[in-house]
1. Against the definition (over 18 Å from Arg116 (Cβ atoms), β-branched (Val, Ile, Thr) and surrounded by fewer than 21 Cβ atoms within 10 Å (Cβ to Cβ)), how does Val39 come out, yes or no?
2. Checking the conditions here, which among Ile281, Ile253, Ile246 is within 13 Å of the ligand (Cβ to nearest atom) and in contact with a helix residue (DSSP H, G or I) (Cβ under 7 Å, 6 or more places away or on another chain)?
3. Against the conditions (1) in contact with a Gly (Cβ under 8 Å, 6 or more places away or on another chain); (2) within 11 Å of the ligand (Cβ to nearest atom); (3) β-branched (Val, Ile, Thr), where does Ile335 fall short? Just the number, please.
4. Looking at Gly102, Gly121, which is the one that is closer than 14 Å to Asn223 by Cα and at pLDDT 95 or above?
5. More than 9 Å from the ligand (Cβ to nearest atom), under 26 Å from Val28 (Cβ atoms) and either crowded, with 23+ Cβ neighbours inside 10 Å or at pLDDT 95 or above (or both): is that true of Gly342 in this structure?
6. Limited to the stretch 303-338, what total is found for residues that are of a type in the set (Lys, Arg) and within 18 Å of Ala88 (Cα to Cα)?
7. Considering only residues that are of a type in the set (S, T, N, Q) and more than 16 Å from the ligand (Cβ to nearest atom), look in the stretch 67-115 and name the one that is farthest from Asp187 (Cα to Cα).
8. Which condition breaks for Arg205 when tested against (1) among the charged types (D, E, K, R); (2) surrounded by 18 or more Cβ atoms within 10 Å (Cβ to Cβ); (3) away from the ligand (no atom under 11 Å from the Cβ); (4) within 20 Å of Ile98 (Cα to Cα)?
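The values are calculated or read from the model by the stated rules, or taken from the named source; none is laboratory data. Note that the structure is predicted; figures quoted are calculated from it, not measured. FYI the Cβ positions are ideal-geometry reconstructions off the backbone, even for glycines, and counts take in every protein chain you see.
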Amino acid sequence: MIFELNEEQLQIKYSIREFAESEIRPHVSLWDETQHFPVELLPKLAELGLMGIIFPEEYGGAGMGYVEYATIIEELGRVDGSIGLSVAAHNSLCSNHIFMFGNEQQKQKYLVPLARGEHFGAWGLTEPQAGSDASGTKTTAVRSNGGWIVNGSKNFITHAISCHTLVAVAVTDREKGNKGISAFIFDKTMKGFRAEKKENKLGMRASETASVVFEDCYVPEENLLGKEGEGFLQAMQILDGGRISIAALAVGIAQGAYEAALKYAKERVQFGRPIAEFQAIQFKLADMATQIEAARLLTLQAAAMKDAGKKVTKQSSMAKLFASEVAVRVAEEAIQIHGGYGYTKDYPVEKYWRDAKLCTIGEGTSEIQRLVIARQILKA
Ligand code: CAA
C-alpha cells in the first residue's frame with residue numbers, strides 16, 4: 001500500500017504553502033508579540049475556501065474531504081499554529097456541528113455564511129468547572145415562552161469575541177446526566193450573551209481565546225440542534241473529527257520547527273564545521289524527521305477513514321495524542337539544536353514550542369486521549 005497524496009491534493013498543499021508563506025509568515029512575530037487576532041485575514045481565507053473546507057458547495061463550502069482538510073491545516077500550522085487553530089476551530093467545531101446535526105433551515109441560515117467566510121464561528125463545550133469532564137456542564141437552559149432561557153458561562157473559547165455564531169451546550173434536564181445536555185445555536189445579536197476576559201496565553205497568541213457569559217439569554221426553539229438531550233453525544237462526535245485537525249496542526253508545527261532546525265544546523269559553524277556534520281545533531285534530525293512522518297501517517301489514516309465514513313473515535317485520538325506529543329518533542333529539540341539562540345525571539349523555534357504545547361491540551365488533553373483510546377480498545 002502506497003500512502004501518499006494525489007496530484008490534486010499536492011496542488012492544494014503547495015497553494016496553501018505559498019499563501020501561508022506570503023500572507024502569514026511576514027506577520028507571525030508581530031501577531032504573536034501583540035496577541036493580535038488577524039480578522040483582516042478572513043476575506044483571503046474565505047477566497048481560498050478555507051472557511052468551509054469540509055462542507056458541500058451547496059452550503060457555500062469547498063467540498064473537500066478530511067485528507068485535504070488535514071493537509072491544509074498542516075500547511076497553515078507549519079507557518080503559524082494560531083491561524084491553523086482558528087481555521088480548524090471554525091471548520092470542525094462550530095460549522096461542522098451545524099452541518100452534522102442541524103436541520104435544513106439552520107444550515108441555510110447559519111452554515112452558509114460560516115462556510116462562505118462571511119461569519120466567524122465559535123464552539124462552547126468547556127466551562128470553568130467542566131474541562132476534561134465535559135458532561136459536568138453547569139450552564140442551564142430552561143424552557144420559557146416557546147424557547148429557552150440560558151444562564152452560565154463557557155471558557156477557553158476560540159473566537160469568543162469575534163464570532164458571529166456560537167454553538168454551545170447546556171443542561172436541559174439535570175436528572176438525565178449526559179443525556180440531559182442539549183446543543184443550541186447562538187448568534188451575536190441575541191441579548192444576554194457576551195464575551196469576557198481575553199486570555200493572555202503562552203502560545204497560539206494570534207488565535208483569540210476568551211470566555212462567554214450567558215445571562216438570561218433567550219434562544220428560540222428553532223435554534224435547538226438536533227433533539228433535546230443529544231448535545232453531549234453530538235459534542236463527542238464533533239470532537240472525533242476535530243481531533244484529526246489538531247493532529248494535523250501538530251504535524252505542521254513539528255514540520256515548521258524541524259525545517260528551521262535543519263536550516264540552522266547546516267548554517268551554524270562550530271569547531272570549524274557546520275553543526276549538521278556532527279552525529280549528535282544528525283541523530284536529533286533523524287529522530288525528528290521519523291517522528292513527524294509517523295505522526296503524519298497516523299493523521300492521514302484517521303482522515304482517510306473519516307472520508308470513508310468509518311468511526312474514527314480511536315484513530316483520531318491516537319493521531320492527536322501522538323502528533324501533539326511529537327510536536328512538543330520536535331520543537332524542544334529544535335530549540336536545543338539552536339542552542340542559546342533558540343531561547344530567544346530572534347529565531348522561530350521557541351514559538352513553535354509554545355504553540356505545540358496547546359495541541360496536547362486543546363480538544364482534550366493527552367490524558368483524555370489515552371482514556372478514549374483505552375475505552376475503545378477494551379470494548380472492542
Ligand atoms: N462517539 C459516539 N458516542 C460516544 C463518543 C463518541 N466519540 N464518546 C462517548 N460516547 C457515548 C458513550 O458511548 C456513552 O454512551 P452511553 O451512556 O449510552 O453508554 C456516552 O457517550 C457517555 O460517554 P462516557 O461514559 O465515555 O462519558 P464520560 O463522562 O466518561 O466522558 C470523555 C468521556 C471522553 C472524558 C469526554 O468527557 C471528553 O471527551 N472530555 C474531554 C473534553 C474535550 O475534549 N474538551 C475540549 C473542548 S474543545 C477545545 O478545546 C477547542 C479549542 O478551541 C482549543
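1. Criteria not met by Val39.
2. Ile246
3. Here Ile335 meets the rest and fails (2).
4. Of Gly102, Gly121, the one residue that is closer than 14 Å to Asn223 by Cα and at pLDDT 95 or above is Gly102.
5. In short, yes.
6. 2
7. Top of the filtered list is Thr71.
8. All conditions are met except number (4).
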